[in-house]
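Data block below; observations after.
The values are calculated or read from the model by the stated rules, or taken from the named source; none is laboratory data. Model, not experiment: these values are computed from the prediction. Backbone-built Cβ (ideal geometry, glycine too); neighbour counts: all protein chains shown. Just so you know, the surface numbers come from the protein's heavy atoms only, side chains and all, with ligands and any DNA or RNA stripped out. Shrake-Rupley method; radii C 1.70, N 1.55, O 1.52, S 1.80 Å.
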Amino acid sequence: SINQSINHRQSQSNVPGTIRTNEKTKANTQSSNEKKAKMGHSKDSKEGKSCCTWPKVIIAVVLLAVVGIVIWQFAPIDETLDKFLPDFNKTSSPTTSPVQGTTAVPTAAPTAAIPFNRCASDAQCCINGLDNICDLGVDKVMYSMVHNAMSSVDDGFFLLPNHVKPLERALEAGYRGINVDLCNCGGKLELCHGRCDLGTKDVEETFRNINQFLDDNRNEVLMLTMEVNSDADGAVDLFAFRDMISNIDGLLSKFYVHPAIDVVWPSLRQVVASNKRILFFHFNGPNCRDTECPDGMHFWFEYAAETEFSFPNTAALEDSPNSCKVTRGGNLQREPASRTFFAVNDFVTPAKQSSAEVVNEYSFANKRIQECKAEYNDLDVNVISVDYW
């Protein structure tokens, strides 16, 4: 807080004692008037300064609050505390070993010593870094998904971002699930998180980078889920989005088009062979039943069931009977041909890096996967979404 004190000192006049009565009276009257005038001026001055001081105090408090939030979010407070305080809850060292038959859950950006590609050097088929999933259906493997992938510090999202590094780096790290939010910001489609004034990422540039990654890595299959946010600044039109990314050479031709909900999904080998390597879904927009949707842009909750997505802390995530409950999407008891993807959310809200360092550990993520799987009669989890990859 900022405290200001205003000190005002009034001088007093000394009146001579050897004057005539009428002159003394006149002098006293004049002195009295002068004192009143000075007191009135002093009062006005104090009121004027007071009325100007309060807005300054309020502005200063708001600025201090903003600075505090920024420091709390971005400063390495946890690392600093770790130097001085003992760690009573230290977990085991992270590992990047994949769950058998699924895509690995990376816990950090790749290094030369730990590449995401786990295929044998003589493997005849290698898809998404594994050589034992080629003939599995695209709905029978797991996709590690970057939640709100556009919201990163590097992309200029300055308030409560979900990541430090951009989604393009996540693809290089081995993540094969990307979740973004599409907004209408002043008539232009942008990737944003809730509000356009808190950060945006260019749509065309982002999808051009994704397309380039797939061109450079022709055995990779990518799942994209997009939240349609028509509350940020205006309505979002999926056809306008389709037209915007149609300018990117070869992108739309990579979108797989699923013919119907009761049709079995193709294998990874088949979508790689046909170069239909983008599984694209959207939600919070048209459901594609009552309203037409562009080809290849499937309504997520027509095909997927998803757990609760708002958890205040890691303890809430560990409460599996509640945290594994499906709150959006289809009935998990349907036949496998129509019940397709089971998505598990593994992050806290709002996003916090220190919490992500716990829940993104392989041991924690794998335990959560197994617990949610057990809640639904050993149903395989297809998607696990994380913050701060």
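When Asn377 is tested against (1) outside any helix (DSSP H, G or I); (2) surrounded by 14 or more Cβ atoms within 10 Å (Cβ to Cβ), only condition (2) is not met. Across segment 243-256, the number of residues qualifying as within 28 Å of the chain's Cα centre (by Cα) and assigned to a loop (DSSP other than H, G, I, E, B) comes to 5.
The residues on offer are Ala316, Ala235, and the sole one that is at pLDDT below 95, among the hydrophobic types (A, V, I, L, M, F, W, C) and under 24 Å from the mean Cα position of the chain (by Cα) is Ala235.
For segment 259-313, filtered to residues that are open to solvent by 20 Å² or more (accessible area, probe 1.4 Å), part of a loop (DSSP other than H, G, I, E, B) and of a type in the set (Lys, Arg), the residue that is farthest from Gly177 (Cα to Cα) is Arg289. Among residues of segment 254-265 that are among the β-branched types (Val, Ile, Thr), those with a Cβ under 9 angstrom from a residue that is not in a loop (DSSP other than H, G, I, E, B), sequence gap 6+ or separate chain, pair up as Val257/His298; Ile261/Glu302; Ile261/Tyr303; Val264/Gly137. Taken over segment 192-216, the residue count meeting the criterion of being more than 26 Å from Leu159 (Cα to Cα) and open to solvent by less than 50 Å² (accessible area, probe 1.4 Å) is 4. For segment 349-388, a residue qualifies if it is out of contact with any His (no Cβ under 6 Å at 6 or more places or on another chain) and on the phi > 0 side of the Ramachandran plot, and the qualifying residues are Asn377, Asp378.
Each residue in segment 161-191 was checked for being under 16 Å from the mean Cα position of the chain (by Cα) and either without any contact (Cβ under 8 Å) to a residue 12 or more places away in the chain or surrounded by fewer than 17 Cβ atoms within 10 Å (Cβ to Cβ) (or both), and 1 of them qualify.
Kindly indicate the residue of segment 239-258 that is more than 16 Å from Leu182 (Cβ to Cβ) and among the small types (Gly, Ala, Ser) and also least open to solvent (accessible area, probe 1.4 Å) among those meeting that condition. Only one residue tops the list, namely Gly250.
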